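Below is one structure, written out as structure tokens; the observations come after it.
The values are calculated or read from the model by the stated rules, or taken from the named source; none is laboratory data. The model shown is predicted, which means the values in this text are computed figures rather than measured ones. Glycine also receives a Cβ, built like all others from the backbone with ideal geometry; neighbour counts cover every protein chain displayed. Quick note on the areas: whole protein, heavy atoms, side chains included, nothing else; ligands and nucleic acids left out. Shrake-Rupley method; radii C 1.70, N 1.55, O 1.52, S 1.80 Å.
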Amino acid sequence: MTAMEELFIRTKAENRAALIGYIPAGFPSKAACIEVIKAMVAGGVDAVEIGFPYSDPVMDGPVIQAAAEQSLSAGTGAEDVFDVLKATTDLGVPGLVMTYWNPIEKYGVEKFAQSLQAAGGSGVITPDLTIEESGLWKSAAEAAQINRIYVVAPSTSTARMPLVTSQCSGFIYAASLMGVTGTRNSVSNGASELVARIRQTSATPVAVGLGVSTKAQAQEVAAYADGVIVGSAFIRLIQESENFETGLLRVQELAAALADGVRR
Amino acid sequence: MVSNNVDSEAASQILGHFGRFGGRFVPEALISALDDLTAAHLSAQNDPEFQRELAYLHRTYTGRPSIITEAPRFAEHAGGVRILLKREDLNHTGSHKINNVLGQALLTKRMGKKRIIAETGAGQHGVASATAAALMGLECVVYMGEEDTRRQSLNVARMKLLGAEVIPVTQGSRTLKDAINEAMRDWVTNVDSTHYLMGTVAGPHPFPTMVRDFQKIIGEEAREQVLELTGKLPDAVLACIGGGSNAIGIFHRFIDDHSVRLIGLEAGGRGVQSGFHAATITGGSVGVLHGTRSFVLQDGNGQTVESHSISAGLDYPGVGPEHAYLHEIGRAEYRAITDAEAMNAFSLLSKTEGIIPAIESAHALAGAIDIGKELASAGHSDAVLLLNLSGRGDKDVQTAAEYFGITL
């Protein structure tokens, strides 16, 4: 059982949702990224999703694009991603990597799964790997005993839903709306409906991402989902704060507010 | 409106692979739209009424069939072989792009969608898309790298005159690759109302197959025309390759004609060795970009590397998966042509035949010079080369004038 799976057992027993924070590895720098993760965890984030910055992130909105670009221009590569992951799991929280498919293929599919496991990682979220193309990844992830997390969208048809959810382990990533990552004023109504449709096909925990940024939104989502994923809101605090120290404080404050929210 | 019906489910089983290439690497949110599009394309292919409507537009709007022009004075510089030009440059809007655009615009209407989005590099596909949108009463948004909107300001004006909205893309390298990213983001967000009218044979299934099906008319016409003119099949068929739509369009009908060499000419920029090029098959490696597995220009971490070419239309770090497959099985050959070689051929065709080609097509012309000389020195000076003159050079006058030092 991965640390991520253990987390969901624990949060379920505590009758709350898990809070998952996201940050691209190497943003705003490799060392500072680890500081941000520490601030998230100090505030109450239960698990951290580390982004592998990619040159062509079609699922990401402007905030994460800018963060990834900054990280890439500093030369962030696979080993940096695993270093940040290791630093995260050393804090005692489950760590995941979110990456577009090409960097995995370039690194070597089996080797990627093994390196992730060696860094204490629980699994990988693959936003552009369709289940039809996932054969190699399935065997590699199973051999390394790590979770495979796929994204399900509001447009996923009823017929297709079980084909995707049956391939997920750890949790199922429910995209709350049709669109890219980024904060929104409200969480789409479609999210609760989507989670209900997912639950008809699978008992695997469901975490909701895209557009969640406030305590009230976290509370709303925690009412029907097992996990709440927040990314752009944290990154924006770092981008917009007058200095990094202030940014860290704000990240910790937001994490604490969201952690309060997921406790319903 | 075709949606989530039986056809759509069946279509989702077809993965669109060419050997180990192709497939779908996209956000799950797009799968349903790609399934609908696959189903709509399949049903349109089998619908005589759709085919009649498209054929009517080809004849009365585009000006098809495009003619074949023999280029004897140019051929003197290519070992004296016979060179036949398939004149896609004479199509309405000035290139082969219109063939695909009219097909997909009709499909958009068939799917009940009212809005098209498109990416463009040089602006040819954007202009063709804006044209089809005007013709069919569709809303049209074109994404274009900010860098390209400056290099191709004339085409930006053309698109605006045609009623399209042009959105300059300021992310990443601000060129075609980033315009595609931004179009994909728009599509993920607005997929219910919007069709992504992709301009080349790349992207996730069904785009490589569908765009090929709309472009294969080039080779079908040309094969008949060459047979009629010469009484035999050509010895080789040549075309330039960026994403690869004009090349697959002229190659496809000849794939089973094993005596016919298929030769794709990639943009070698300042030379493949220099690292400043867009020769994806010659100088790239296998990877996934923009939803498909093919050859990609990438670094050791799988990050896309910027491409370089004097030709904006070939300046793309990916290539269609069917070309990757034809390369892998050895059915087609791919070579790189440098900027300098292409500009030499550009000038030569202009001065020997009175035809100013697009700089894209000039890469194929430079390839013809090399191949013609090779064939002649092997004793085959009676060889016939069929070349896809995919576009005209009006849009390139400024670039060419700068290159040759002509004062405007």
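Within the shell of other residues whose beta carbon sits under 12 angstrom from the beta carbon of B:A364, the net charge comes to -4, with Lys and Arg scored +1 and Asp and Glu -1.
For the peptide B:301-310, the mean number of other protein chain Cβ atoms found within 10 angstrom of a residue's Cβ is 5. For chain B, what % of the accessible area comes from carbon and sulfur atoms, probe 1.4 Å? Carbon and sulfur atoms account for 51 percent of the accessible area of chain B. Ranking B:S377, B:S285 by solvent-accessible area of protein heavy atoms (1.4 Å probe, all protein chains present), from largest to smallest, gives B:S377, B:S285. Amide H contacts of B:T292 (H built 1.01 Å from N, in plane; Pro and chain starts excluded): B:F25, B:G203 sit under 5 Å, all sequence-distant by 5 or more or on other chains. The B and A chains share an interface that buries close to 3000 Å² of accessible area, total over both sides, probe 1.4 Å.
Using a cut-off of 19 Å between alpha-carbon atoms, which lysines can reach B:K232, once sequence neighbours fewer than 8 places away in the same chain are excluded? Those lysines meeting the cut-off are B:K86. Phi angles across segment B:397-402 convert, under the Karplus curve 6.51 cos²θ - 1.76 cosθ + 1.60 with θ = phi - 60°, into 3J(HN,Hα) values of 4, 5, 4, 5, 4, 4 Hz, Gly and Pro given as x. On the basis of the beta-carbon distance and an R0 of 41 Å, B:H380 and B:D192 show a calculated FRET efficiency of 0.15.
Using a 1.4 angstrom probe on protein heavy atoms only, which residues from segment A:105-138 are buried by at least 50 Å² of accessible area when all chains are present rather than their own chain alone? Those residues are A:E105, A:K106, A:D128, A:T130, A:E132, A:E133.
Take the Cα of B:T230, step 7 Å toward its Cβ, do the same at B:S350, and the gap between the two points is 2.8 nm. The slack between B:Q273 and B:E53, meaning 0.36 nm per residue of separation minus the straight C-alpha distance, is 74.4 nm. For B:K395, a cut-off of 17 angstrom between C-alpha atoms picks up these lysines, skipping any fewer than 8 places away in its own chain: B:K97, B:K160. Peptides B:325-334, B:124-133, A:103-112 ordered by packing proxy, namely the average of other Cβ atoms within 10 Å per residue, highest first: B:124-133, A:103-112, B:325-334.
Amide H to amide H distances under 5 Å link B:H17 with B:G23, where only residues 5 or more positions off or on other chains count and H is placed in the peptide plane. Against chain B, whose longest principal axis is taken from its Cα atoms, helix B:97-110 shows a tilt of about 20°. Sequentially through segment A:61-75, phi angles give Karplus couplings (6.51, -1.76, 1.60; θ = phi - 60°) of x, x, 5, 6, 4, 5, 5, 5, 4, 4, 5, 5, 5, 8, x Hz, Gly and Pro residues having no value and appearing as x. A cut-off of 5 Å between modelled amide H atoms, ignoring neighbours fewer than 5 places along the same chain, links A:V180 with no other residue. Potential lengthening of the chain between A:A216 and A:S166 amounts to 14.9 nm, from the contour at 0.36 nm per residue minus the alpha-carbon distance.
Sequence-ordered 3J(HN,Hα) estimates for segment B:261-275 from the Karplus curve with 6.51, -1.76 and 1.60 and θ = phi - 60° stand at 6, 10, 10, x, 10, 8, 7, x, x, 8, x, 4, 5, 6, x Hz, glycine and proline given as x. Rg/Rh for chain B (Cα atoms only, Rh after Kirkwood) is 0.94. Here the protein assembly as shown is assigned +1 on the Cβ of each Lys and Arg and -1 on the Cβ of each Asp and Glu. Its dipole about the Cα centre then comes out at about 780 debye. Maximal additional length on extending the A:A74-A:E245 stretch stands at 59.5 nm, based on 0.36 nm per residue less the C-alpha distance.
Counts of other chain beta carbons within 10 angstrom of each beta carbon in peptide A:152-161 average 5.
For A:K111, the lysines whose Cα comes closer than 18 Å to its Cα, not counting residues fewer than 8 places off in the same chain, are A:K86, A:K138.
Computed FRET efficiency, Cβ-Cβ of A:D260 and A:S157, R0 41 Å: what is it to the nearest 0.05? Plugging the Cβ-Cβ distance into 1/(1 + (r/R0)^6) gives 0.65. Computed from the Kirkwood radius of its Cα pairs, the Stokes-Einstein diffusion coefficient for the protein assembly as shown at 25 °C and 0.890 mPa s stands at 95 µm²/s. In this structure the protein assembly as shown gives 35 Å² per residue of accessible area when probed at 1.4 Å with all protein chains present.
Applying 1/(1 + (r/R0)^6) with r as the Cβ-Cβ distance of B:I329 and A:K86 and R0 = 35 angstrom yields a FRET efficiency of 0.20.
Using only Cα atoms, find the angle between the long axis of helix B:217-230 and the longest principal axis of chain B, and express it within 0 to 90 degrees, rounded to the nearest 10. Computed tilt is about 30 degrees.
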